[in-house]
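The next block holds one structure in the form of structure tokens; read it before the comments.
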Amino acid sequence: MLRSRLVRYSLLALLLYLTFCTIAGIYLADGTLHPARRPLSNLIYSGPASTAPQTTDVSITTSDHVTLNAWLMVPAHSNHDAVLLLHGLADNRLGMNGYAQLFLAHGYTVLLPDARAHGDSGGELATYGLLERNDIHQWVEFLDAQTHPHCIYGFGESMGAAQLLQSLATHPHFCAVAAESPFANFREIAYDRMGQPFHAGPWVGRTVLRPLIEIAFLRARKFHLNMENVSPESSVSESNIPVLLIHGQIDSNIPVRHSRLIHARNSRTQLWEVPNADHCGALSTDPKEFETKVLQWFEHRTDD
């Protein structure tokens, strides 16, 4: 009798566990693919009026008929190079304004787009690089046609960094890129996300909550998205474009192991692990070193 009762309780617990994983997996997938939009506010330039950049609203239309919007900022004194800046999840182009001011001060033309499903851009789904990699290629072509720069560089943070690295597989005409706090692949960051509420490591997602992850990946297929193909590390492994990886050593959002995984796939990349920096915190933690490293990375890799 006792054994029979234990079996029934075990089956009930298993059923409840699988039901929880199924429902939570569906909600996780839907929420991940439909992030909250941060409203776009006015751009404020804090420098002298004599050096204010010429700022223009620009847009492109993608092959799947999505309109993407951006600011094109041309400095008063140009160095004839350009930088494409890519923001993180649930952010918009305004979140990259601090980086824009740094590059503008050194004469770079700057393009700040809103990613699809973010800010003022169209699109219903954020796909973490599956579609955005082609959007980035199209922005590079736009920037080249509009400003005719000697070199185009790319800089992205978090989701934008991961998308930037995946765009390398489409062979855009970047002279070099820098990526801060990217994830290595979507499955690994999903494992991390499962452990973070419990202040635990990715083992939670790999074991206890693995069924939830699998349900979420299956749910994404409903939108014709194979999230297994979201892999910055794979794109970097096959690219000859110079890549500078930047990651805070105490990043509590995307652990530094992700940049280490990417770096391990291509020995030509360079990894700067920033002491005492949290997620996307290199500029605020060590602004002088950030400026020096990123600018030197770009300036020493021109398209001769």
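Quick look at the numbers
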item	result
Part-to-part distance (alpha-carbon centres) for the stretch 22-72 and the stretch 230-246, which is given in Å	24
Trypsin sites (Lys or Arg not before Pro) restricted to the stretch 33-129 and DSSP loop, no more than 16 other C-beta within 10 Å	R37
For the chain, the longest site-free run once GluC sites (Glu not before Pro) in DSSP loop states with at most 15 other Cβ atoms within 10 Å are removed	1-123
Per-residue ³J(HN,Hα) for the stretch 5-17, Karplus 6.51 cos²θ - 1.76 cosθ + 1.60, θ = phi - 60°, Hz, x for Gly and Pro	5, 4, 5, 5, 5, 5, 5, 5, 4, 5, 4, 5, 4
Cysteines not pairable in the chain (beta carbon separation under 4.7 Å absent)	C21, C280
Projected area averaged over orientations for the chain, convex hull of C-alpha atoms, nm²	17.2
Residues with amide H under 5 Å from that of L89, placed H, sequence gap 5 or more	M159, G160
Point-to-point label distance, R5-T292, nm (Cα→Cβ direction, 7 Å offset)	7.1
The stretch 182-275: trypsin sites (Lys or Arg not before Pro) in DSSP loop, at most 16 other beta carbons within 10 Å	K222, R268
Potential extension, A52-H224 segment - 0.36 nm per residue separation minus Cα distance	57.5 nm
Equivalent ellipsoid, the stretch 40-91 (semi-axes from 5 times Cα gyration tensor eigenvalues, Å)	25, 15, 11
Dipole of the stretch 1-154, positive end: most advanced residue of T147, H87, C21 [Cβ charges, Cα centre]	C21
Computed over the stretch 111-244, Kirkwood Rh from alpha-carbon pairs, angstrom	15.9
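FYI, it's all coordinate maths here, none of it is from the lab. What you are looking at is a predicted structure, and each value in this text was computed from that prediction instead of being measured. No Cβ is skipped: glycine too gets one built from the backbone with ideal geometry, and neighbour counts run over all protein chains shown.
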